[in-house]
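One structure below.
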2 protein chains.
Amino acid sequence: MPKDNKATFNLKTPKGTKDWSGSDALLRDRIFTTIANVFKRHGGTALDTPVFELREILAGKYGEDSKLIYDLQDQGGEICSLRYDLTVPFARWLAMNPDVRSMKRYHIAKVYRRDQPAVSKGRMREFYQCDFDIAGTFDPMVPDAEVLRIVSEVFEELGWQNRYSIKVNHRKILDGVFQVCGVPEDKIRPISSAVDKLDKMPWADVRKEMVEEKGLDGAVADKIETFVLQKGTRDLLEKLLQNEELTANASAKAGLEEMGLLIDYLEAFGVLENISFDMSLARGLDYYTGVIYEVVTEGSAPPAQSSAPEAQKVQKSGKKDKSKNLEDDDRSNDPTLGVGSIAAGGRYDNLVGMFLPKAQIPCVGVSFGVDRIFSITKARIERDQSAETLRHSEVDAFVMAFGGKGFTGMLKERMDVSKILWNAGIKAEFAYKLKPKLPQQFKAAEQGGIPFAVILGEEELAAGKVRVKEMGLPDGHPEKEGVLVELTTLADEVKSRLAKKQTVDVAAVTQQLEGVEV
Amino acid sequence: MPKDNKATFNLKTPKGTKDWSGSDALLRDRIFTTIANVFKRHGGTALDTPVFELREILAGKYGEDSKLIYDLQDQGGEICSLRYDLTVPFARWLAMNPDVRSMKRYHIAKVYRRDQPAVSKGRMREFYQCDFDIAGTFDPMVPDAEVLRIVSEVFEELGWQNRYSIKVNHRKILDGVFQVCGVPEDKIRPISSAVDKLDKMPWADVRKEMVEEKGLDGAVADKIETFVLQKGTRDLLEKLLQNEELTANASAKAGLEEMGLLIDYLEAFGVLENISFDMSLARGLDYYTGVIYEVVTEGSAPPAQSSAPEAQKVQKSGKKDKSKNLEDDDRSNDPTLGVGSIAAGGRYDNLVGMFLPKAQIPCVGVSFGVDRIFSITKARIERDQSAETLRHSEVDAFVMAFGGKGFTGMLKERMDVSKILWNAGIKAEFAYKLKPKLPQQFKAAEQGGIPFAVILGEEELAAGKVRVKEMGLPDGHPEKEGVLVELTTLADEVKSRLAKKQTVDVAAVTQQLEGVEV
């Protein structure tokens, strides 16, 4: 035993981090599997990089956000930091492997940001990203369109039909708009950042920021307004193409042509209906060079601000009862509101070249915010009061025994039958007791949500038979007491019953997910 | 673009870490999946803890090895360190969740040790552990036996039949032996550590360490020898039970009784044949309190030392040719030699209590060294020259097009057909080129090891048909040129051909794995 053994510990996880267990871990795992399956369906191959990188690799990639990077202590040797995202490690890998000229890679892993956490909304200091990126020189917009098809496929398979929207814009169009409007070259990025806030604040506030904080001419701001509030799809594209001032600008013209190709390809991929060409989307990161996108859902925007003063007034008057107050608290803690975007990405053609100028490899990709997707999914499932369907484990069968006077507990027999099930690939458990009582065993099976009991009775087993009982059958069901099966056919019997049950269950869950309001 | 953009970078991963990509990542993923499936089959539920813990949680748990812990820099706020294993975080979680009185949890994640790396043998500073632990108070040896059944199941499913051995011993038996032999109480742990080296050095060296370094009486050491060199199963147990001096010792008696139960249960679980009751197994970690075990394979021991002077002599004589030298180098770098144990664990009943004395929860568990298992598996597959079966991705079909003069490239048609395949859950790719040449498209499919081509011709497509061609068919095969199918039945057609092919492939791979000498 160690010498500095202390009687008490600060028993917690570090700030902004949490443990994942039980049904939460299982639900999140299912989200991972769904996303990974879509990635693989599109030819994605896994890349796994170390959780920390040499600090110089991360330096100068994240602008102001660099202050959020976790550093490892200098314990002699190299100076390292925890990764901030999965994109920079991917670019570093491409630069290190110059023989790889093209690649579809996916990476599902944790990243680290010393930001202010908001645990209930899934904003953590340690959180998962699920990234898919296509690197390589190809004909314009083809991989870009496939990435958006992937985005759409992921949310369709998660059961979010019609409850998500993919906002798309193009850096070249934006830059062209700013040039046409007369934004000085050195103000383009700051003004672009201001435009990006249009999903959080009204135009009047954004204009104020442009003019008062960033010193933009008011008339220029007013001209920007005529462009950036527009949304649409092919209609918006046609309208912009008729703007001769805009099409005379080389950057805007190139961007609009690419946007035209993208819309064509998205139509061929059958995913145009969830796309919104949104001129206000600008994205914060500097490294994007082409198409940019962001996926939003109902709760992405912060709660309406106009209601806040109202609520304060009511609270000050002291007339609200406690339950009402709690409701308000619940609302501000609602994990489905103010989560921001749930996936985002774009084209970044120059990042790999930052590591190795001769290895310039254009890239386009997307990152899914799984913790946010998880928070929304879980809240919606709980709201639908279907929480009982979220099981903690996936065990198929509980092997139990019963007997009269002189009952030995049949431990080795239960072990032997469990062995038969395991050998057949069936997930099985039994009680770790020499002489468990039958009600205890049933309770364990019920609590685990285990669908089948395999019941050993002394006389039946002596005749080479055991009883298979589906849990939770209603009274009066012909198989309520289970059915006797030969031990030699037990595994097949359980398997075929599981297959039948799973078909029914999948149908129920699918129906349920589709019914979930996201 | 950032200001401190540098033209050159130290393009590498930190010391002792590496990237995983391509077929390596795929093979490792399969190992993970195999292990996780076994864990789930035994009712394991996932637990995911943060990659770093408050430093005080890790303090005093690892003895001398604490110096290998990676610390995070103090950037204001909490003082944290990267986890060193998955066991201590599990114990911390149990102490934090006192309502959970029993649990089967598995955890597959990276751990961090600032140790001297040996990359070719899979000894890294960042590496994966796959842990399964059973927490809770149960009847003796039942969960312990199930953990060993799990160990056996994992290696059987990995295709290592008869190529692994599970060494088992019991701390109480060892302690009893040391007491009976007359080892002073304060020397029991150091003498136990010396015994544990018997897998790396002969008894004479171990005795020397006991007597000369650790000051043990020579006669006591000689008496220890009569016990610790013994191996067996039930025969050894019977022999020890007949030793009246030993059975008169309370600790030894209790340990032998438990070992008897364990052997009975392992027999019921059908896994006794791979078990070796090995009196020399002691395990380094202090926290084990009961049964301990370690899985070894042929290459676990270091290369035979006796051959080293011989090799040196030959080298000194200068008569060895270069190729011979290279062979020797290859041998010393052989990833299948000197890897040590590939899985290990035991019972630790007091660890949770170190965090919260009132929450004493007995535990038993095992940790698989996946990187070592990977290194051995990969080396054996390569040695069998079946490397071509290790694909980089898992794509099912490559959608391609061809045409004569005026060929448009049929990009949107290829997109549309890919969409049909994706919608049916089929993994599909196509060339990101407007007008790709047919040989280029075939080459891409071949390089990816993609089993099927879906070929679009203008006339055939106009008639609502496409061609499905299995790649790699021999000349003269009736379907060498593919078969024409209706677009409406394409997905079903590809699916049924995939199912047929996968059945054949799985049989081939299984045969191959079973033939691999591990």
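The values are calculated or read from the model by the stated rules, or taken from the named source; none is laboratory data. This structure is a prediction, so every number in the text was calculated from the model and none was measured. Cβ placement follows ideal geometry from the backbone for every residue including glycine, while neighbour counts extend to all protein chains displayed. Note: accessible area is taken over every heavy atom of the protein model, side chains too, but ligands, DNA and RNA are not part of it. Shrake-Rupley method; radii C 1.70, N 1.55, O 1.52, S 1.80 Å.
Only one of A:D24, A:D65 is within 30 Å of B:K427 (Cα to Cα) and assigned to a helix (DSSP H, G or I). Can you tell me which? It would help to see each step written out before you state the result.
Numbers: A:D65 fails: within 30 Å of B:K427 (Cα to Cα).
After ruling out the rest, the residue left standing is A:D24.
So A:Y128 passes all but one of these: (1) outside any helix (DSSP H, G or I); (2) over 21 Å from the mean Cα position of the chain (by Cα); (3) farther than 28 Å from B:A397 by Cα; (4) of a type in the set (S, T, Y). Which condition number does it fail?
(2)
Report yes if some residue within region A:298-308 is modelled with pLDDT of 90 or more, under 26 Å from A:I224 (Cα atoms), out of contact with any Pro (no Cβ under 6 Å at 6 or more places or on another chain) and not basic (K, R); otherwise report no.
Within region A:298-308, the first condition is being modelled with pLDDT of 90 or more, and the residues that meet it are none.
Within region A:298-308, none of the residues are modelled with pLDDT of 90 or more, under 26 Å from A:I224 (Cα atoms), out of contact with any Pro (no Cβ under 6 Å at 6 or more places or on another chain) and not basic (K, R).
Only one residue in A:V494, A:V454, A:V399 is surrounded by 19 or more Cβ atoms within 10 Å (Cβ to Cβ), within 12 Å of chain B (Cβ to nearest Cβ) and among the β-branched types (V, I, T). Which one?
A:V399
Is region B:60-71 home to any residue that is closer than 30 Å to B:E156 by Cβ and open to solvent by less than 30 Å² (accessible area, probe 1.4 Å)? Break it down into steps so the answer makes sense when it comes.
We begin by selecting, within region B:60-71, every residue closer than 30 Å to B:E156 by Cβ; these are none.
No, region B:60-71 has no match at all.
Give region A:72-83 a look and list any residue that's open to solvent by 40 Å² or more (accessible area, probe 1.4 Å) and facing chain B (nearest Cβ under 7 Å), or say none. Even if it seems obvious, please write down each step before you answer.
Narrowing region A:72-83 to residues open to solvent by 40 Å² or more (accessible area, probe 1.4 Å): A:73-79.
Matches in region A:72-83: A:Q73, A:Q75, A:G77, A:E78.
Could you go through region A:464-487 and let me know if any residue there is surrounded by 19 or more Cβ atoms within 10 Å (Cβ to Cβ) and either assigned to a helix (DSSP H, G or I) or among the aromatic types (F, W, Y) (or both).
No, the conditions are met nowhere in region A:464-487.
Please find, among B:S81, B:S66, the residue that is over 24 Å from B:D19 (Cα atoms), in the same structural domain as B:I373 (by the TED database), free of Cβ contacts under 8 Å to residues at least 60 places away in the same chain and among the hydroxyl-bearing types (S, T, Y). Write out each step before concluding.
Values: B:S81 fails: over 24 Å from B:D19 (Cα atoms).
Selected residue: B:S66, the only one of B:S81, B:S66 that is over 24 Å from B:D19 (Cα atoms), in the same structural domain as B:I373 (by the TED database), free of Cβ contacts under 8 Å to residues at least 60 places away in the same chain and among the hydroxyl-bearing types (S, T, Y).
With the requirement that a residue be open to solvent by 50 Å² or more (accessible area, probe 1.4 Å) and either of a type in the set (K, R) or away from every other protein chain (no Cβ under 13 Å) (or both), what does region A:115-149 give you? Quick ask: steps written out before the conclusion?
Initially, region A:115-149 is screened for residues open to solvent by 50 Å² or more (accessible area, probe 1.4 Å), giving A:115-116, A:119-120, A:123, A:137-138, A:140.
Once the filter is applied, which keeps residues that are open to solvent by 50 Å² or more (accessible area, probe 1.4 Å) and either of a type in the set (K, R) or away from every other protein chain (no Cβ under 13 Å) (or both), region A:115-149 yields A:S120, A:R123.
Any chance you could count how many residues in region B:32-57 are in a helix (DSSP H, G or I) and either facing chain A (nearest Cβ under 7 Å) or free of Cβ contacts under 8 Å to residues at least 40 places away in the same chain (or both)?
So in region B:32-57, the residues in a helix (DSSP H, G or I) come out as B:32-41, B:55-57.
So of that shortlist, the ones also either facing chain A (nearest Cβ under 7 Å) or free of Cβ contacts under 8 Å to residues at least 40 places away in the same chain (or both) come out as B:33, B:40-41, B:55-57.
Looking only at that region, the number is 6.
What is the residue count in region A:150-174 for residues that are more than 14 Å from every other protein chain (Cβ to nearest Cβ), in a helix (DSSP H, G or I) and of a type in the set (D, E, K, R)?
Count: 1.
Determine if region B:184-194 includes at least one residue that is in contact with a strand residue (DSSP E or B) (Cβ under 9 Å, 6 or more places away or on another chain), among the basic types (K, R) and open to solvent by less than 60 Å² (accessible area, probe 1.4 Å). Lay out the reasoning, then the answer.
First, pick out the residues of region B:184-194 that are in contact with a strand residue (DSSP E or B) (Cβ under 9 Å, 6 or more places away or on another chain): none.
Looking through region B:184-194, none of the residues is in contact with a strand residue (DSSP E or B) (Cβ under 9 Å, 6 or more places away or on another chain), among the basic types (K, R) and open to solvent by less than 60 Å² (accessible area, probe 1.4 Å).
Within the set of pairs 6 or more residues apart or between chains, which connect a residue that is under 20 Å from A:F277 (Cβ atoms) inside region A:153-169 to a residue that is open to solvent by 10 Å² or more (accessible area, probe 1.4 Å) and in a helix (DSSP H, G or I) with Cβ atoms less than 6 Å apart?
What qualifies is A:I166/A:N274.
Restricting to region A:89-102, what's the tally of residues that are assigned to a helix (DSSP H, G or I) and open to solvent by 10 Å² or more (accessible area, probe 1.4 Å)? Show your work before the answer.
Going residue by residue through region A:89-102, those that are assigned to a helix (DSSP H, G or I) are A:89-96.
Then drop every residue that is not open to solvent by 10 Å² or more (accessible area, probe 1.4 Å), which leaves A:93, A:96.
Residues in region A:89-102 being assigned to a helix (DSSP H, G or I) and open to solvent by 10 Å² or more (accessible area, probe 1.4 Å): 2 in total.
Collect the residues in region B:225-273 that are within 14 Å of chain A (Cβ to nearest Cβ) and open to solvent by less than 20 Å² (accessible area, probe 1.4 Å), keeping them in residue-number order.
Once the filter is applied, which keeps residues that are within 14 Å of chain A (Cβ to nearest Cβ) and open to solvent by less than 20 Å² (accessible area, probe 1.4 Å), region B:225-273 yields B:G260, B:L262, B:I263, B:Y265, B:L266, B:A268, B:F269, B:V271.
Restricting region A:423-451 to residues that are more than 9 Å from every other protein chain (Cβ to nearest Cβ), part of a loop (DSSP other than H, G, I, E, B) and small (G, A, S), which is surrounded by the most Cβ atoms within 10 Å (Cβ to Cβ)?
A:G449
For A:L86, state whether it is within 21 Å of A:D286 (Cβ to Cβ), open to solvent by less than 10 Å² (accessible area, probe 1.4 Å) and out of contact with any Leu (no Cβ under 6 Å at 6 or more places or on another chain). Before the answer, list the steps.
Numbers: within 21 Å of A:D286 (Cβ to Cβ): yes; open to solvent by less than 10 Å² (accessible area, probe 1.4 Å): yes; out of contact with any Leu (no Cβ under 6 Å at 6 or more places or on another chain): yes.
Against the criterion (within 21 Å of A:D286 (Cβ to Cβ), open to solvent by less than 10 Å² (accessible area, probe 1.4 Å) and out of contact with any Leu (no Cβ under 6 Å at 6 or more places or on another chain)), A:L86 qualifies.
Tell me which residues, restricted to region B:92-125, are more than 23 Å from B:N37 (Cβ to Cβ), in contact with an Asp or Glu (Cβ under 9 Å, 6 or more places away or on another chain) and aliphatic (A, V, I, L, M).
Passing the criteria: B:M96, B:M124.
Regarding region B:275-285, can at least one residue be identified that is assigned by the TED database to the domain that holds B:R189, of a type in the set (V, I, T) and either surrounded by fewer than 17 Cβ atoms within 10 Å (Cβ to Cβ) or modelled with pLDDT of 95 or more (or both)? Spell out the reasoning first.
Step one: filter region B:275-285 for residues assigned by the TED database to the domain that holds B:R189, giving B:275-285.
Okay, now just the ones that are also of a type in the set (V, I, T), so B:275.
From what is left, the residues that are either surrounded by fewer than 17 Cβ atoms within 10 Å (Cβ to Cβ) or modelled with pLDDT of 95 or more (or both) are B:275.
Scanning region B:275-285, I find at least one residue that is assigned by the TED database to the domain that holds B:R189, of a type in the set (V, I, T) and either surrounded by fewer than 17 Cβ atoms within 10 Å (Cβ to Cβ) or modelled with pLDDT of 95 or more (or both), so the answer is yes.
Specify the residue that is nearest to the other protein chains (Cβ to nearest Cβ); the eligible residues are those in region B:405-422 that are in contact (Cβ under 8 Å) with a residue 24 or more places away in the chain and more than 45 Å from the chain's Cα centre (by Cα).
B:G409
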